[in-house]
Amino acid sequence: MKPILSPFSEKTLNVQSRKEKITFRKEEFEVVYHFYEDLGQEFTTPETDELTLLQVYNQYREKYKLPFPEQIKAIREKYELSASKMSEVLGLGINVYRQYESGEMPNQSNARLIQLANDPEEFRKLILLSDAFQEKELDRVLKRVDGLIQAEKQISFDDLLSEYVLGNIEKLSSTNGYKQPTIQKTMQVICYLVDKLKPWKTGLNKLLFYTDFLHYHNNGVALMGLEYRAIQHGTVPTNYEMLLAYTSQKGFIEAKQKESANGFIGEQYFLGEESQTTESTFTPLELQTLEKVVELFKGKTTKQIVEINHLESAWIDNQELKRVVDYEFAFGLRGEGISFYN
């Protein structure tokens, strides 16, 4: 959250936060409530209200196993359908369906229908029950669906390996920042950070942590959706060894044995021949987060990055038992001499 100019005075105000319970659909959910305060008055902005509501929605969806907006959109896009055609197949009003993709909470019956549509075989039945397509268009859509049915029966080794590297990619929760991870997005982020900072292995793991947690800090959702664990040297992706080995094996990055300024021998990363560094692949908000991470850590040694990371409650509260780090810790990001505000 950016500092703002107070409407009551000339002061520049930083966002504050505290734990609050918010009631939604007759249930209470604990969130990190963001607000500003000046002259004894508390107030919020549309941005802080959105962040608070998003936390409630995330918890509600997780509790009742409802699809997230990103998942709803992904289901439609894999069938290469417009929102209007998808709504016709599902028997939902176009405005209702578009609101679901935009973040509105579906009722449970509509949510289950959308989740059912994720299965190509079930979606094929829904298509045939609907009158959404003329004959020529129907043939095209069914061809696409049948192709997906066959593809799901032929899972490649790469598919299985990427799922292992990323963890449980279907269940969105507070341990992956309510973001469905993809190997493509993760590789793009790694390439971006390697291109800009040429980090050592220990440093790169922390940069990935700050990328996801800073994005969650500002937007209520992770950028990549990786799961992180607190270990001796800081917060790292749970399967970081496999993740970095996979990225290297694919040729996106190259690890070179180097000697640091203090005589330490270790792996430093550089771009590989198959690197993916096109900034246009990121949304404006994603790019804003990545640029901020680069700004914060450019010129810092691995030792300095680790020291900053060891100031985080995310590490302090979890490292003894090597626990998975809840993304709620993102709202308490700190760091000596650096600011995590946009």
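The values are calculated or read from the model by the stated rules, or taken from the named source; none is laboratory data. Just so we're clear, the structure is a prediction, and the values are computed from it rather than from any experiment. Here the Cβ is made from the backbone with ideal geometry for all residues, glycine too, and neighbour counts use every protein chain on show.
Values for this structure:
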read-out: Failed criterion for Glu77 (all others in (1) loosely packed, with under 15 Cβ neighbours inside 10 Å; (2) in contact with a helix residue (DSSP H, G or I) (Cβ under 7 Å, 6 or more places away or on another chain) hold); value: (2)
read-out: Yes/no for Ser275 being hydroxyl-bearing (Ser, Thr, Tyr) and touching a Cys at 6+ places or on another chain (Cβ under 8 Å); value: yes
read-out: Top-ranked residue of the range 277-302 - restricted to ones that are surrounded by 14 or more Cβ atoms within 10 Å (Cβ to Cβ) and of a type in the set (Lys, Arg), ranked as nearest to Ile265 (Cα to Cα); value: Lys300
read-out: The range 115-139, residues that are surrounded by fewer than 12 Cβ atoms within 10 Å (Cβ to Cβ) and under 15 Å from Arg76 (Cα atoms); value: Glu121
read-out: Qualifying positions in the range 210-223 - surrounded by 24 or more Cβ atoms within 10 Å (Cβ to Cβ) and closer than 18 Å to Thr182 by Cβ; value: Thr211, Asp212, His215, Tyr216, Ala222, Leu223
read-out: Selection count, the range 62-83, where residues are touching a Phe, Trp or Tyr at 6+ places or on another chain (Cβ under 8 Å) and farther than 24 Å from Gly220 by Cα; value: 2
read-out: Inter-residue pairs, beta-carbon under 7 Å, first polar (S, T, N, Q) and in the range 103-123, second modelled with pLDDT of 95 or more and surrounded by fewer than 15 Cβ atoms within 10 Å (Cβ to Cβ), 6+ apart; value: Gln108/Tyr64
read-out: Top-ranked residue of the range 165-195 - restricted to ones that are of a type in the set (D, E, K, R) and either within 13 Å of the chain's Cα centre (by Cα) or farther than 21 Å from Leu285 by Cβ (or both), ranked as surrounded by the fewest Cβ atoms within 10 Å (Cβ to Cβ); value: Glu170
read-out: Residue that is farthest from Tyr228 (Cα to Cα), among those in the range 239-266 that are touching a Gly at 6+ places or on another chain (Cβ under 6 Å) and either exposed (fewer than 14 other Cβ atoms within 10 Å of the Cβ) or in contact (Cβ under 8 Å) with a residue 60 or more places away in the chain (or both); value: Gly251
read-out: Spans of helices (runs of 4 or more DSSP H) in the range 131-247 with at least 1 residues modelled with pLDDT of 95 or more; value: 135-152, 183-197, 201-219
read-out: Cross-chain or 6+ apart pairs with Cβ under 7 Å, the range 299-324 first and closer than 25 Å to Asn262 by Cα, then loosely packed, with under 15 Cβ neighbours inside 10 Å and acidic (Asp, Glu); value: Ile308/Glu336; Leu311/Glu336
